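The block underneath contains the structure these notes are about, expressed in structure tokens.
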Amino acid sequence: MIVLNDGGTTLRKENVRGGRGGGLFTYAVDGAVSGSHFKMIARIRLEPGSSIGEHPHDADEELYYILKGKGVYYENGVPHPVREGDFLVLYQGGTHGLEASDDSELVFLAVVTC
């Protein structure tokens, strides 16, 4: 499957998982695909100061790859500063959230697998 740069579905979302503010979510995969382990693949652009609230992954795992900007990643309640080029891997059974810094947009790739 190829999703071109101008392809996919882009949605504006607010207060994701109880977080603050909002951003743009561009999906290559959104929902289960027969025969695949991917549940979601998206490029997410959080506005400055916006966040995705900390949430559990009881039955799946998620990877974030920071493409642009900086912020704070919360894993199992512990904050970690993050920036462009960082990989953030959450294994099944953990919780995580992500917050953009107040002075820059945070752009990242999110991949959920089961």
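Hey, could you check region 15-54 for residues that are free of Cβ contacts under 8 Å to residues at least 24 places away in the same chain and within 20 Å of Lys68 (Cα to Cα) and say which is surrounded by the most Cβ atoms within 10 Å (Cβ to Cβ)?
Among those that are free of Cβ contacts under 8 Å to residues at least 24 places away in the same chain and within 20 Å of Lys68 (Cα to Cα), it is Phe25.
What is the residue count in region 4-14 for residues that are modelled with pLDDT of 95 or more and surrounded by 12 or more Cβ atoms within 10 Å (Cβ to Cβ)?
1
Residues that are in contact with a Lys or Arg (Cβ under 6 Å, 6 or more places away or on another chain) and closer than 12 Å to Phe108 by Cβ: which strands (runs of 3 or more DSSP E) entirely in region 1-81 hold 1 or more of them?
Once the strands (runs of 3 or more DSSP E) in region 1-81 are filtered for at least 1 residues that are in contact with a Lys or Arg (Cβ under 6 Å, 6 or more places away or on another chain) and closer than 12 Å to Phe108 by Cβ, what remains is 22-30, 51-56, 70-75.
Of all residues in region 55-89, how many are surrounded by 17 or more Cβ atoms within 10 Å (Cβ to Cβ) and among the hydrophobic types (A, V, I, L, M, F, W, C)?
Within region 55-89, residues that are surrounded by 17 or more Cβ atoms within 10 Å (Cβ to Cβ) and among the hydrophobic types (A, V, I, L, M, F, W, C) number 3.
Considering only region 61-111, state which residues are of a type in the set (Asp, Glu) and closer than 22 Å to Asn15 by Cβ.
Keep residues of region 61-111 that are of a type in the set (Asp, Glu), which gives 61-62, 75, 84, 86, 99, 102-103, 105.
Correct list: Glu62, Glu75, Glu99, Asp102, Asp103, Glu105.
The values are calculated or read from the model by the stated rules, or taken from the named source; none is laboratory data. Remember, it's a predicted structure, so these values are computed and weren't measured experimentally. Neighbour counts run over all protein chains shown; Cβ positions are idealised from the backbone, glycine included.
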